[in-house]
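Input: a single structure, listed below in structure tokens.
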Amino acid sequence: PPPPLGRNTKMNMSANLAAAVIALLVCSMPVGVRGEVKTGTLDSKTGFEYLGKFCYDYTDGDKKGEKKVDDGSQMTFELTLKNTKKQDSDANSDLQVLVYDDESSSWPSVYHQNKNCQEKMEVAKNAGSDRFHVKFVDGKWKMSRVHVHEHIRPRFWYVVVANCKGFTGLEYEAKFINQGGILKRQFGVNEQGINLISTVFFASYICLCLVHIWCVYQYKQQEIYHPLIQVFSISLTTQALSFGGSFIHTWVFTFDGKGVPACLSLSEFLAVVSRLFFVLFLILVAQGWATVKLSISYKEAIFSLVGALCLCYFALLLWDIRFRDPASTLYLYESIPGLLILVLDVISTVWFVSALVSTCKTAHKITPEKSKFLKSMGYTYVWYLLSLPAIVLVACFLKPWVREWTVSSLNSAVTCLGHAGLLFLFWPSRVTSYFKIQAPDLFEEGIDKNNEKENLL
């Protein structure tokens with residue numbers, strides 16, 4: 001029989017297997033650049049309907065060796081009539097594709113402004129002889145390679161279909177391609193770098209989860225896997241899965257311009273779940289559960305706060321999907337549900353600090369070590385609870401084309417550091433120094449909450 005495999009041989013086989021998987025994934029990716037793709041169906045009674053927007057990068061036109069036109073930013077359009085009956089063809093006649101940018105005299109002067117259709121058409125960037133007139137052939141029309149060149153700063157460009165008399169059943173497909181390398185061309189300037197952010201933090205959370213799995217194994221060996229730690233486990237795991245969904249979506253988007261919307265929606269949902277469990281964990285620690293007390297005080301109020309946060313996050317996601325104006329560059333947390341979440345975050349912070357102060361007074365009588373630990377938690381994680389309002393405040397002063405990348409990277413970094421810090425605090429060798437983690441379950445009813453001696457550890 002062949003000799004047993006040595007350690008180096010096994011490692012080489014694992015490395016070769018990993019390389020083969022990576023090569024398979026790379027080879028399976030689409031070849032070429034398609035551009036960000038927007039599709040849908042337009043119906044308009046007024047004859048002036050928004051189609052899509054994209055943020056194009058800029059180049060210095062005075063520099064020598066300027067790129068060829070074909071290498072620059074471009075957009076393409078394809079329109080199709082759902083119904084090709086004569087009455088529908090007549091209703092959809094005289095259609096034009098108009099483009100605007102974010103200069104004050106362009107899109108801002110027509111967007112939600114009291115102007116008639118003709119006045120709006122006259123300020124388009126391609127008004128006059130440059131208008132793109134739609135001529136259907138067998139119910140289809142396609143125009144390719146409209147080049148966009150910016151020389152001052154990145155700008156949002158907006159596309160409108162108009163005829164000023166109304167149209168129905170107009171299917172469209174718009175493709176937007178930015179300048180730059182293959183990792184950037186599918187994305188508007190406001191979204192460039194999100195694929196790299198998802199990669200960095202997905203890899204970071206894989207490492208954190210592997211370490212936590214080892215810690216959980218140690219907890220179970222010592223029979224100390226308390227529900228408090230399980231709350232943290234749920235927060236860490238759902239955040240890792242959230243970055244996983246974002247990783248899949250952004251990298252598929254990098255090559256086909258469409259991504260995997262289901263993965264993106266799942267990623268946003270899991271990020272909300274992770275934050276809710278993180279906030280719940282911090283409040284439970286601040287209340288002194290498993291550090292000073294065997295039971296939880298103010299259960300109803302705690303779960304009411306978390307429930308209110310849950311409802312507001314759900315309303316925010318619903319608003320983003322169903323009611324958000326796609327033509328607006330309004331930041332997500334500038335909506336009413338977003339503002340409510342910020343208010344509840346501030347309330348959570350006040351609760352966290354006040355509960356910690358109250359718990360520390362009790363803990364100091366029992367053990368200075370626990371008091372020191374709770375104060376350290378307060379000094380550290382009060383900034384986590386305030387991070388979202390602070391980041392949103394910073395975002396209000398940022399330009400729209402740098403806002404999304406900055407906010408995404410800051411929020412991801414704060415969340416990752418928060419989980420890493422708790423993983424350090426919950427290291428198996430030190431966790432019993434701070435927690436009596438073999439305490440009853442949070443739904444344990446056998447403890448008299450009015451008996452302080454029975455509650456205190």
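Values quoted throughout were computed directly from the atomic coordinates according to the rules given, and no laboratory measurement underlies them. Quick caveat: nothing in here was measured; it's all calculated off a predicted structure. Quick reminder, even Gly has a Cβ in these numbers, built from the backbone with ideal geometry, and neighbours come from all protein chains shown.
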For the stretch 259-392, alpha-carbon Rg and Dmax in angstrom: 17.3, 59
Convex hull (Cα only) mean projected area of the stretch 122-170, reported in nm² to one decimal: 5.0 nm²
J(HN,Hα) series, the stretch 217-233, from Karplus relation 6.51 cos²θ - 1.76 cosθ + 1.60, nearest Hz, glycine and proline x: 4, 5, 4, 5, 5, 8, 6, 10, 7, 6, x, 4, 5, 5, 4, 5, 4
Calculate one ³J(HN,Hα) per residue across the stretch 297-304 by plugging θ = phi - 60° into the Karplus curve 6.51 cos²θ - 1.76 cosθ + 1.60, and present them in order as whole Hz with x for glycine and proline. 8, 6, 4, 4, 5, 4, 6, 5
The long-range amide H neighbours of Asp101, using H built 1.01 Å from N in the peptide plane and a cut-off of under 5 Å, are Trp107, Lys125, Tyr158
By the mean-Cβ-within-10 Å protection proxy, highest first, 158-171, 41-54, 275-288 rank as 275-288, 158-171, 41-54
5 angstrom amide H check on Gln287, placed H, neighbours 5+ away: none
Residues with amide H under 5 Å of Ser73's amide H, sequence separation 5 or more or different chain, H placed in the peptide plane at 1.01 Å from N; which? Val148, Gln179
Cα Rg over Rh - the stretch 178-251, Kirkwood: 1.20
In order through the stretch 154-165: 3J(HN,Hα) via Karplus (6.51 cos²θ - 1.76 cosθ + 1.60), integer Hz, x for Gly, Pro: x, 9, 7, 10, 10, 10, 10, 10, 8, 8, 6, 9
